[in-house]
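Below is one structure, written out as structure tokens, with a few remarks after it.
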Amino acid sequence: MTKKIGIRIGLIFCLLLLVAAFNSTKEAQPTALKRDPFVPTESLTKDDAIWVITDLHHLSPSLSDEGESFTFIKETSAGKELDYPAQRMEALIWQIEKERPKLLLVSGDLTLNGEKQSAVELADYFQQIEQFGTQVYVIPGNHDISNGWARKFVGEDQEKTDQILPEDFQSIFSDMGYQDAYTLDEHSLSYAVQPYTDLILLMLDTNVYSQTEGKGAPPSNGLLKKETLTWIESVFEDTKKSGATVLPVLHHNLLKHNDFMTKGFTLDNEEEVKALFLKYDIPVVFTGHTHVQDIAHEENTLYDITTAAFSVMAPSIGKVTFDNEQFSYEKQAVDMKSWASETNQIDNNLLNYTDYATHLFVEDGTNMGLRQMIEEQWHDDSYAEEVGAFVGESNRLFFSGEASQMSTEELELMKESQGYQSIKKHSKGFLLRYMDNILKSDGHSDLNLSVPLLRSI
């Protein structure tokens, strides 16, 4: 009898362990959101604008005391403007209130390095935008989730701060896509939403991250998992019935934009994804990641548009409209000067924000040129200033997309300058190859695009 009781107690104990393990496993999974998918009743009109922004790299002001450690991160941030993130968002809200775009699409790298507080703050800004009738849809970038670099800057120190985990992202930004989605991918943070009867947005999570806290730098590369590709194709197949246009939005590039921005920028499985998109006649994808304003294309059939980073130089916006089966895209910018004037700002950097932020970026490019001269062992004071200035200005033209507006003759004329001639004479490495790569024209503008729109699928 005693033996039977012991066996029963043992079985009960094992059962309790199994239940506890099951509950623990459940708690470790992303929380499933209660959703009420949006059902559209209206179609897009020619007066309906869609805005696209990317690479906000927002750092909550509460995470910095503007001390020594913050100064260091600013100086090593590749030209990103980190002092006025709140003001950029306030100016964006101000402009949206005036112009009332129907949608705002955000294609990743919402935060500087995956700080949870930065995401919470951004979600509040997005909610303010939605109060003006502009629906916001977001996806994460490689900096946003399980990023071991998430830091708070205090004096000389960088202190760890809460990271955004996958379930956090879906919860924090539930009102910015996930709640309205009619289908969610079980294997990533991808989702599909139909804001209009004739438009489906395929918001794709292309990032590589752990389900738990990350350690060290976030991976820069991206891909779409096989399971996610199967889900995407099921969305394409279902869309055949509606005849709606499908616009994918992702952080990593689908097409190559530059010879120096391929590995870690374009999808690891780009050929597989491209074949799928071409199979279903997808006309355009919106990406980010490179910080460059650029439009790449595959035989004038599939276009990949990267809008310049919101955190670099003038905060860029891609304005999209549809008119009589015609797709149009145009790069614009937040009017920081008018916002600063109308809201009675007194900070000269805000009153002249574009000049201020552009100077930061050009200075970063100048310093990159000087460092490269030293690394390649041909630095000389007699021409260092001219070389640095040439690299800085060339970088500005390239990243802003303005170089695409220049003729081949104008670009060749730039190469007659003392700065370029010194690079050509002395550089045997990266710098000359980089300059030649960014100072060339493929004959089309990177600032705007207008193409006939065959209904995809």
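The values are calculated or read from the model by the stated rules, or taken from the named source; none is laboratory data. All of these numbers come straight from a predicted model, not from anything done at the bench. Neighbour counts run over all protein chains shown; Cβ positions are idealised from the backbone, glycine included. Quick note on the areas: whole protein, heavy atoms, side chains included, nothing else; ligands and nucleic acids left out. Shrake-Rupley method; radii C 1.70, N 1.55, O 1.52, S 1.80 Å.
Numbers for the structure displayed
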{"quantity": "Selected residue (criterion: surrounded by the most Cβ atoms within 10 Å (Cβ to Cβ)) from residues of the range 219-271 that are under 26 Å from Met176 (Cα atoms) and of a type in the set (Gly, Ala, Ser)", "calculated": "Gly222"}
{"quantity": "Of all residues in the range 427-457 being in contact with a strand residue (DSSP E or B) (Cβ under 7 Å, 6 or more places away or on another chain) and open to solvent by 80 Å² or more (accessible area, probe 1.4 Å), the one that is modelled with the lowest pLDDT", "calculated": "Arg455"}
{"quantity": "Filtered residues of the range 124-182 (kept if among the hydrophobic types (A, V, I, L, M, F, W, C) and part of a loop (DSSP other than H, G, I, E, B))", "calculated": "Phe132, Ile145, Trp149, Ala150, Ile164, Leu165, Phe173, Ala181"}
{"quantity": "The range 139-173 - residue that is of a type outside the set (Phe, Trp, Tyr) and in contact with a Phe, Trp or Tyr (Cβ under 6 Å, 6 or more places away or on another chain) and, of those, farthest from Asp124 (Cα to Cα)", "calculated": "Ser146"}
{"quantity": "Residue check, Arg371 among the basic types (Lys, Arg), out of contact with any Lys or Arg (no Cβ under 9 Å at 6 or more places or on another chain), assigned to a helix (DSSP H, G or I) and without any contact (Cβ under 8 Å) to a residue 12 or more places away in the chain", "calculated": "yes"}
{"quantity": "Residue pairs meeting the criteria (Cβ under 9 Å; at least 6 apart or on separate chains; first touching a residue at least 40 places away in the same chain (Cβ under 8 Å) and of a type in the set (A, V, I, L, M, F, W, C), in the range 429-445; second open to solvent by 60 Å² or more (accessible area, probe 1.4 Å) and part of a loop (DSSP other than H, G, I, E, B))", "calculated": "Phe430/Phe260; Ile438/Phe260"}
{"quantity": "Enumeration of residues in the range 310-323 that are within 16 Å of Tyr356 (Cα to Cα) and either in a loop (DSSP other than H, G, I, E, B) or modelled with pLDDT under 95 (or both)", "calculated": "Phe310, Ser311, Val312, Met313, Ala314, Pro315"}
{"quantity": "Residues that are touching a residue at least 40 places away in the same chain (Cβ under 8 Å) and touching a His at 6+ places or on another chain (Cβ under 9 Å), drawn from the range 385-405", "calculated": "Phe399, Ser404"}
{"quantity": "Candidate set: the range 409-426, residues that are in contact with a Lys or Arg (Cβ under 8 Å, 6 or more places away or on another chain) and either assigned to a loop (DSSP other than H, G, I, E, B) or in contact (Cβ under 8 Å) with a residue 24 or more places away in the chain (or both); chosen: the one least open to solvent (accessible area, probe 1.4 Å)", "calculated": "Leu411"}
{"quantity": "Condition check for Ala309: within 20 Å of His57 (Cβ to Cβ), of a type in the set (A, V, I, L, M) and either open to solvent by 40 Å² or more (accessible area, probe 1.4 Å) or touching a Pro at 6+ places or on another chain (Cβ under 7 Å) (or both)", "calculated": "no"}
{"quantity": "Given (1) more than 30 Å from Phe361 (Cβ to Cβ); (2) of a type outside the set (Phe, Trp, Tyr); (3) touching a residue at least 12 places away in the same chain (Cβ under 8 Å); (4) part of a loop (DSSP other than H, G, I, E, B), number of the condition Val246 does not satisfy", "calculated": "(4)"}
